[in-house]
Amino acid sequence: MSSRWQTLESKFSLLSQREKVLIALCGTVLVVMLLVIGLIEPTLKQSHARQLQIQNLISNNQQLQGEIMALQARLAKDPDQELDVELGQLTRQSQDLSLQLAEQMTSMVAPSDMPNLLESVLRQGQTLNLVALESLPAEPVVRSSEPGVESEYYVHPVRMEFTGSYFAIRDYLQALEALPVKYYWRSFQYQVESYPEARVRLEVYTLGSREEFIGG
């Protein structure tokens, strides 16, 4: 094995500078592909699937709340036993959906803690340079089409930018994935500036029941 490595090293030293640069670039592309295929792509897919699940729960619950409000208005004008039974059924369905949503939210990182959490994990590695970290405006998970029905939950995104080597970046992303609290990934950009240093732009988000802006 040592002899084979020495042979490869000797052949590499005989290459022109241009050929060495091309090989280094190919190696960079390969490690980036491994990072994307092995960690980033599956994580983004999982985040998208979870978000769709929560969006469906919220959308269904908002529709039920709209129907409940309509039935309550009808009952106020004309009390009716059948309508009262239907109202009870819809209310129980809405409560069940609310319980499912609450279970989804229990393990999620609090919006106010998100920026500090991202930065503290990054500082633990001591090999990455934080360039920017900012909280973005909150967005409704689902925009209700029912008049008078507001969103119960909001997306709280955080955008961060940092630089470092491939392995330091990989270790940081793996440390984020190992956290006991949940959050979702929205986007990931990896750009090699001067090998082996790269720049990462990452956007993640958590969910909250309030719309207020989170500091960062």
Amide N of region 58-73 lying under 19 Å from the label point, which is placed 7 angstrom from the Cα of residue 84 along Cα→Cβ
68-73
What are the residues whose amide H is under 5 Å from the amide H of residue 182, where those residues sit 5 or more places off or on another chain and H is modelled from the backbone?
108, 109
Can you compute the modelled spin-label distance between residue 96 and residue 110, with each label point 7 Å from Cα toward Cβ, in nm?
3.3 nm
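Each reported figure results from applying straightforward, stated rules to the coordinates on display, with no laboratory input. If you're wondering where the values come from, they're calculated on a predicted model, not measured in any experiment. Cβ: placed from backbone, ideal geometry, glycine included. Neighbour counts: every protein chain shown.
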